[in-house]
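Beneath this line is the structure, given in structure tokens, with notes to follow.
The values are calculated or read from the model by the stated rules, or taken from the named source; none is laboratory data. Values in this document were obtained by computation on a predicted structure and should not be read as measured data. Cβ atoms come from the backbone with ideal geometry, glycine included; neighbour counts cover every protein chain shown. Note: areas computed on protein heavy atoms with side chains; ligands, DNA, RNA excluded. Shrake-Rupley method; radii C 1.70, N 1.55, O 1.52, S 1.80 Å.
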Amino acid sequence: MRGAVLYGPRELRFEERDTPTIIKPTDAIIRVSATCVCGSDLWPYRGINPVPEPTPMGHEYCGIVEEVGSAVASIKPGQFVIGSFFASDNTCPHCQAGYQTSCEHKEIISTAQAPILRVPLADGTLVATPDIPSDDLIPSLLAVSDVMGTGWFAADAANVNPGKTVAVVGDGAVGLLGVLSAKQMGAERIIAMSRHEARQKLAREFGATDIVAERGDEGVARIKEMTDGIGADSVLECVGTQESMMQAIRSTRPGGYVGYVGVPHGVELNGEELFYSHVHLHGGPAPVRRFLPNLIDLVWNGKINPGKVFDLTLPLDQVAEGYRAMDERRAIKTLLHP
């Protein structure tokens, strides 16, 4: 088969790779119905995360089960399934506590930009939909495999509750779906921090009540001004830079919560400032598996449409253009059809 392989900064090729097969009895093989490019894929694509050797890419996926290993009990060939970017057994103490991305037996999924995918720990990782979905549902079901689940975790970690004021730092797909998550959780005021018109428009569609274009200290000052000098109850940090993390912490009221899901690059926190801020910090790699059943149900029943974040759809063999479009901010998120 052919799939996406990153050779170095901005050098992505669509080339021959070995077709995956069952290796362990707990594996499943799925035929991918849709995959996509993630904002976190851009870190290695831009050379910020070095790639020492040609590396297959992709960690968001949904599709039809073709084959399962002899130990797989709950997943069957023919089912339409969605999984997270980390395979997990869903039975270890960390999984039972709801942190499947810290599973004692976790395995990263990193080869999904291809027509066929091997998923380890299939029973713990994959969740089947009630039936085979119609084509129009597939973008939203794909979104729950990562960006919707990650936006939801940002809101969950930030303790978003009905009637609260929420600020969202970052207007990529995760930040936009953080807005949608906060809306679903009943937030009264949702401030999206964005300076891009198309993203501002989608943020409003997803439930943002206010837009703040300022960044850094100016962004913090604007949030404080809008909240009578108090700060937001909950702030979702969806970027992963030093500026975005400090903007999130400083925009939060004393006793408030920051949910951070942006993969950190060069983020360092000052202990004394953190100490006197009285801000709760919680985040990390989103335990998407915890939220999958609920998010699938919300999509299936038409309650949410996170697939709107895909503003570019390409055949998989044009994956390199999908990366370029996101790198150049011509696209929020690229969906790929094998």
Accessible area (Å², 1.4 Å probe, nearest 10) - Thr26: 50
Looking only at lysines whose Cα falls under 25 Å of Lys106's and that sit 8 or more positions away or on another chain, we get Lys24, Lys76
Would you list, by chain and number, the lysines whose Cα falls below 30 Å from the Cα of Lys224, excluding same-chain residues fewer than 8 positions away? Lys164, Lys183, Lys201
Taking every other residue with Cβ under 13 Å from the Cβ of Pro254 and scoring Lys and Arg +1, Asp and Glu -1, one gets +1
Of Phe206, Phe275, Phe291, which is the most mobile in a GNM of the chain whose springs link Cα atoms less than 10 angstrom apart? Phe275
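Given a 1.4 Å probe and every protein chain left where it sits, what share in percent of the accessible area of region 231-275 is carbon and sulfur?
Result for region 231-275: 54 percent of the exposed heavy-atom area is carbon or sulfur.
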Would you calculate, for the chain, the mean residue ellipticity at 222 nm contributed by helices, counting each DSSP H stretch of 4 or more residues as -39,500 (n - 2.57) and dividing by all residues, to the nearest 500? -8000 deg cm²/dmol
Give me the mean projected area, in nm² to one decimal, of the convex hull enclosing the Cα positions of the chain. 16.1
Per residue, how much accessible surface does region 187-338 expose to a 1.4 Å probe? Answer in Å², no decimals. 47
Sulfur and carbon atoms: percent of accessible area, region 1-79 [1.4 Å]: 53
Applying the Karplus parametrisation 6.51 cos²θ - 1.76 cosθ + 1.60 with θ = phi - 60° to the phi angles of region 273-283, what ³J(HN,Hα) value in whole Hz is obtained for each residue in order, glycine and proline being reported as x? 4, 4, 4, 8, 7, 6, 9, 7, 10, 8, x
Mean projected area (nm²) of the alpha-carbon convex hull when region 11-83 is viewed from all directions: 5.9
